[in-house]
Amino acid sequence: MKLFLVLTLAALAFAKRFDGDQVLTLHPTNSEHVITINEMEEFADFWKPDSPSLVREGSPVDVRIPREYLLKTKKVLAAVNMDFEVKVNDVQDTIDHQFTGIKTPYAGEYDYNVYHTDIEIENWAFDMQNQYSGLLKVETPSQSEEKRNIVRLTMGSSQNNPIFLIDCGIHAREWISPAFCQCFVNRMLSQYNTDANVRSMMDALTFVIYPVLNVDGYAYTWSDDRMWRKTRTNYGTLCTGVDPNRNFDAVWSGPGSSSNPCSETYYGPEVASEQLTKELSNFVLTNSGQIKVYVTFHSYGQVYIYPYSYAEKDVDNKQEHNDLAIASAAALEAVHKKRYTYGPGYSSMYLAAGGSDDFSKDKGVPLSYTIELRDTGRYGFILPESQIAPSCEETYAAVDVIAQHVMTNI
Ligand code: 0X9
Ligand code: ZN
């Protein structure tokens, strides 16, 4: 226990700190405001939207301003008459408080109410396979650039049923996403014998789940920089990392993505340059006939996004996507009263090419969603652990509606 604490504290001691940084919500209402926000690119960390090029008049912007730029930024905002409010008062303080649960060393009883490292998640996956060998298969089909395993779970009473494909952790800092994948797997396995609804889904569908797709980025958010989004690949440029959700073969290098390796939305040196992109793309291409639905979990914003995001273009089955999003969001809201919005990416979010949702749809997966989990910006990416359990509970209800839809329409 002592050693564990020492190791955790040692790891955190070397991590980048965010003391005094604030997240501001800006309200641009004219073109001068948009230009001012664009000029912040040099020092600001854009949370929502994820790039200054996506800032539009009339849409609020969440942005983290490092402490040393705060005074200047607020002066400029006052000078151009732009409204803003402080969303997160001290980012480091919020990071320190995200660990609200007391984490004990893993001794058989896995704690789903705390955040786990990539190594803990991999060990957990193999432990679950031992415990539920008839219902779960764990594979490591690819290695990341930094030689970590990309873990893939195949779950259900048969591996040959229609596939419900799920991934978590494409973006490193969106920690609620891998946390959801873990609690979901546990719920499906531990309740198989006691919950008729769970059993019917597990008997009718094969769930294929990547619990932490961007495993290098995720590890980096634990060791070095809690706010890291991209992969950790460096192609000989000043800045490191490719945005995996701009790296897929879906109008790759198109709108809402950047050729600049220092951008948070860098699309990479070539299409599917990243190991995780290759892994997910290959899985989709090899199994496209069997995959009936794909859901990729991100945060934050509480939104159901369906294709397309690479252009102002609608999917052939827009009505089905929209109706199902409405039904799923209603079931979610009934659990803890959290409201989710929905719509095609180009209108519910922003134009952003090269995403995994658009790719899967274009490669033959009939239903494809990005679900942006909690919250709407109070904590943003730094959602406290106390919200893992309620997020899981409501998202089970959301996923159930999607699974039932697929089961009745097979
Ligand atoms: O911009 C993204 O990649 C996603 N939002 S996030 O804040 N988690 O980064 C939205 C993805 C929507 N789909 C596509 N752009 N294809
Ligand atoms: Zn994301």
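The values are calculated or read from the model by the stated rules, or taken from the named source; none is laboratory data. Given the structure is predicted, the values throughout are model-derived calculations rather than measurements. Positions of Cβ are generated from backbone atoms using ideal geometry, with glycine treated the same way; all protein chains shown enter the neighbour counts. The accessibility values were calculated without ligands, DNA or RNA, using every heavy atom of the protein model including side chains. Shrake-Rupley method; radii C 1.70, N 1.55, O 1.52, S 1.80 Å.
Does Phe283 fit the bill of being touching a Phe, Trp or Tyr at 6+ places or on another chain (Cβ under 7 Å) and either at negative phi or within 16 Å of ligand 2 (Cβ to nearest atom) (or both)?
Against the criterion (touching a Phe, Trp or Tyr at 6+ places or on another chain (Cβ under 7 Å) and either at negative phi or within 16 Å of ligand 2 (Cβ to nearest atom) (or both)), Phe283 does not qualify.
From Ser356, Ser386, grab the single residue that is of a type in the set (Ser, Thr, Tyr) and surrounded by 23 or more Cβ atoms within 10 Å (Cβ to Cβ).
So the residue among Ser356, Ser386 that is of a type in the set (Ser, Thr, Tyr) and surrounded by 23 or more Cβ atoms within 10 Å (Cβ to Cβ) is Ser356.
Anything in the stretch 349-384 that is within 14 Å of ligand 2 (Cβ to nearest atom), of a type in the set (Ser, Thr, Tyr) and touching a Phe, Trp or Tyr at 6+ places or on another chain (Cβ under 9 Å)? List them, or say none.
Listed by number, the residues that qualify are Ser356, Tyr369, Thr370.
Just to be sure before I move on: is Trp252 away from ligand 2 (no atom under 13 Å from the Cβ), open to solvent by 20 Å² or more (accessible area, probe 1.4 Å) and either of a type in the set (A, V, I, L, M, F, W, C) or not in a loop (DSSP other than H, G, I, E, B) (or both) in the structure I sent?
yes
Quick check: anything in the stretch 49-60 part of a strand (DSSP E or B) and within 16 Å of ligand 1 (Cβ to nearest atom)?
No, the conditions are met nowhere in the stretch 49-60.
Of a type in the set (Val, Ile, Thr), buried (at least 16 other Cβ atoms within 10 Å of the Cβ) and more than 12 Å from ligand 1 (Cβ to nearest atom): does that describe Val303?
no
Answer yes if at least one residue in the stretch 296-305 is aliphatic (A, V, I, L, M) and either within 23 Å of Glu139 (Cβ to Cβ) or more than 15 Å from ligand 2 (Cβ to nearest atom) (or both), and no otherwise.
The answer is no; no qualifying residue exists.
Looking at Gln404, Gln387, which one is within 16 Å of the chain's Cα centre (by Cα), assigned to a helix (DSSP H, G or I), more than 15 Å from ligand 2 (Cβ to nearest atom) and polar (S, T, N, Q)?
So the residue among Gln404, Gln387 that is within 16 Å of the chain's Cα centre (by Cα), assigned to a helix (DSSP H, G or I), more than 15 Å from ligand 2 (Cβ to nearest atom) and polar (S, T, N, Q) is Gln387.
Only one residue in Ala272, Ala311, Ala325, Ala329 is open to solvent by less than 40 Å² (accessible area, probe 1.4 Å), closer than 18 Å to His171 by Cα, more than 16 Å from ligand 2 (Cβ to nearest atom) and at pLDDT 95 or above. Which one?
Answer to the check: Ala272.
So that you can scan it fast, the table gives a plain yes or no per residue for (1) at pLDDT 95 or above; (2) in contact with a Pro (Cβ under 9 Å, 6 or more places away or on another chain); (3) buried (at least 19 other Cβ atoms within 10 Å of the Cβ):
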position	(1), (2), (3)
Lys16	no, no, no
Asp19	yes, no, no
Glu41	no, yes, no
Arg64	yes, no, yes
Gly108	no, no, no
